[in-house]
Protein chains: 2
Amino acid sequence: MLTGATGFVGAPTLGALAEAGHEVHAVARRSGPELDGATWHEADLLEGADVLDEVRPEILVHVAWYAEHGRFWDSRENVRWVEASLALLRAFVAAGGRRAVMVGTCAEYEWGGEDNLNEHDSPVRPATLYGACKEALHRLAAAQARESGFELAWGRLFFMYGPDEYPARLVPSVIRALLAGERAATTTGTQVRDFMHVEDVAMALVALTQSDVTGPVNIASGSPSSVADIVEKIGALTGAAHLIDRGARPTPDGEPARIVADVKRLEREVGYRPSISLGDGLRSTVDWWRGRAPAGR
Amino acid sequence: MLTGATGFVGAPTLGALAEAGHEVHAVARRSGPELDGATWHEADLLEGADVLDEVRPEILVHVAWYAEHGRFWDSRENVRWVEASLALLRAFVAAGGRRAVMVGTCAEYEWGGEDNLNEHDSPVRPATLYGACKEALHRLAAAQARESGFELAWGRLFFMYGPDEYPARLVPSVIRALLAGERAATTTGTQVRDFMHVEDVAMALVALTQSDVTGPVNIASGSPSSVADIVEKIGALTGAAHLIDRGARPTPDGEPARIVADVKRLEREVGYRPSISLGDGLRSTVDWWRGRAPAGR
């Protein structure tokens, strides 16, 4: 059973799970497109976990969360999703579930250091409500798993991009401006981040699901890229680099200089390496937006 | 509204709230004794928080939790109570609640140091599932309070004793053995703890409820007592000190030497000082057990 199956991460994860031959039960408030190997279940997990009693899955992949752009960092909806996720896990245990894969975030870690963030030693000290709620849920879910005897893997997602991302976010906003022949005002872009194509995120989650690895696992590329680098690549791909106004927007106060994952666990224990380079991933993302009408921006 | 109103802490808290002139709505799975100023509501908070919609309290005092002796430290019921408490708080917000007083524990702190544990500087690093769940709930509830605009006070309870405590726990087990003329096997009892009579705990919770103090507040005496000291006092009060076999039971591995609260916040900000000395408190507890039949042990 996959929750959040119509979302930015959930939709490609659904495709990758079905592709891998699983019998997938996809949960979302409204069904997505039909897909071989997948059965849709319309349910709002904030209203209860009855859908789990019905499906009684062996494996739960819980991706659903509140993710509204610009609001999710500090919204109390995060607390509500902790509650709903605990109810979901409890129903999963009652239904005899064997393995749960849940989705955490790089925002659980303390930001501001120079080192790649790893699951063993890096301080876990979230600075945002989103990070704090994910981190609290991780600890509670791990306890639940230990006491109830199911396996728990906790995939910490870093920075993602790809088709169908919310238009106001960095990558799509720059692509859409440049494709429309409009100026794209950006920060100086010296911040270094760990970007992974969302299709790679989905495949890594499937690999994690199929493994017997438990505990936290960074789901990331391990490759540092500056924001300026990404913006320049988009400029080259769209042939509109001259429209980029780098430095026109101030870098927000307290923006950490570097957030990059150590991906040894993902590579060595889960056995997954990203297959989509940043150049290829940005190219196909630009192509995806080219295929959309520019209206509605 | 008071939850857990028939429990070891809840029952005297109900009495103290009613005594202070509040209109109290007492919640428990089964009603307790009738009391002027109190209205009983039978509800199982693990099944939902509908009772809150009905009462719509201005102030919530949430004492209910899983507390089964010998099991509560590591039971997954703790996780379930986090979920239920989040649902309760959400209903409290929806009903327009103004102030919530919730109950935490000294087990949220890291144990093993020499200093009195204080709310500002002492490391919060729970070693048990009970402590971890309380600590996670505190952080989640504080976020909820901040984002939803209600006041949250978090009373951290330390060691308690008094009438009607679960018979297998330290103080009642020694009292009952000595009153029955039986041998009481104890550890060497060098562990130093912070003991507070449960009636004092109840009055401190009422003082906290009536104050506008927010955040964590230790609810404790601030006075160190060794376990041996308490056992000896019980020996003197029962006239059966010769039945105490001190050192007959091994001290559990990893038992911290000292767990004592810094109570400056409670004294200075809440304005509460304990009124029952350890000697008086133990005397009335012994008297309470004297009034019970020794059968059923």
In the range B:43-53, residues that are in contact with a strand residue (DSSP E or B) (Cβ under 7 Å, 6 or more places away or on another chain) and either open to solvent by 60 Å² or more (accessible area, probe 1.4 Å) or part of a loop (DSSP other than H, G, I, E, B) (or both) total 1
Members of the range B:79-134 found to be of a type in the set (Ser, Thr, Tyr) and closer than 26 Å to B:Pro252 by Cβ, listed by number: B:Thr105, B:Tyr109, B:Ser122, B:Thr128, B:Tyr130
Only one of these conditions is not met by A:Glu83: (1) within 28 Å of B:Gly48 (Cα to Cα); (2) over 17 Å from the mean Cα position of the chain (by Cα); (3) acidic (Asp, Glu); (4) part of a loop (DSSP other than H, G, I, E, B). Which number is it? (4)
Could you figure out which of (1) within 14 Å of chain A (Cβ to nearest Cβ); (2) open to solvent by less than 30 Å² (accessible area, probe 1.4 Å); (3) closer than 28 Å to B:Tyr166 by Cα isn't true of B:Ala143? (3)
Filtering strands (runs of 3 or more DSSP E) wholly in the range B:183-234 for at least 3 residues that are touching a Phe, Trp or Tyr at 6+ places or on another chain (Cβ under 8 Å) gives B:192-197, B:215-219
Is there a residue in the range A:117-136 that is away from chain B (no Cβ under 14 Å), polar (S, T, N, Q) and buried (at least 16 other Cβ atoms within 10 Å of the Cβ)? yes
For the range B:76-116, the count of residues that are facing chain A (nearest Cβ under 8 Å) and in contact with a Phe, Trp or Tyr (Cβ under 6 Å, 6 or more places away or on another chain) equals 1
Among residues of the range A:77-108, those that are in contact with a helix residue (DSSP H, G or I) (Cβ under 8 Å, 6 or more places away or on another chain) and free of Cβ contacts under 8 Å to residues at least 24 places away in the same chain, counted: 1
Residues in the range B:1-21 that are in contact (Cβ under 8 Å) with a residue 24 or more places away in the chain, outside any helix (DSSP H, G or I) and either open to solvent by 30 Å² or more (accessible area, probe 1.4 Å) or among the small types (Gly, Ala, Ser) (or both): how many? 6
Just wondering, is there one or more residues in the range A:150-162 that are part of a helix (DSSP H, G or I), more than 17 Å from A:Ala64 (Cβ to Cβ), more than 8 Å from every other protein chain (Cβ to nearest Cβ) and in contact with a helix residue (DSSP H, G or I) (Cβ under 9 Å, 6 or more places away or on another chain)? no
Out of B:Ser85, B:Ser148, B:Ser122, sole residue that is in contact with a His (Cβ under 7 Å, 6 or more places away or on another chain) and polar (S, T, N, Q): B:Ser85
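The values are calculated or read from the model by the stated rules, or taken from the named source; none is laboratory data. The model shown is predicted, which means the values in this text are computed figures rather than measured ones. FYI the Cβ positions are ideal-geometry reconstructions off the backbone, even for glycines, and counts take in every protein chain you see. In case anyone asks, the SASA skips ligands and DNA or RNA and just uses the protein heavy atoms, side chains included. Shrake-Rupley method; radii C 1.70, N 1.55, O 1.52, S 1.80 Å.
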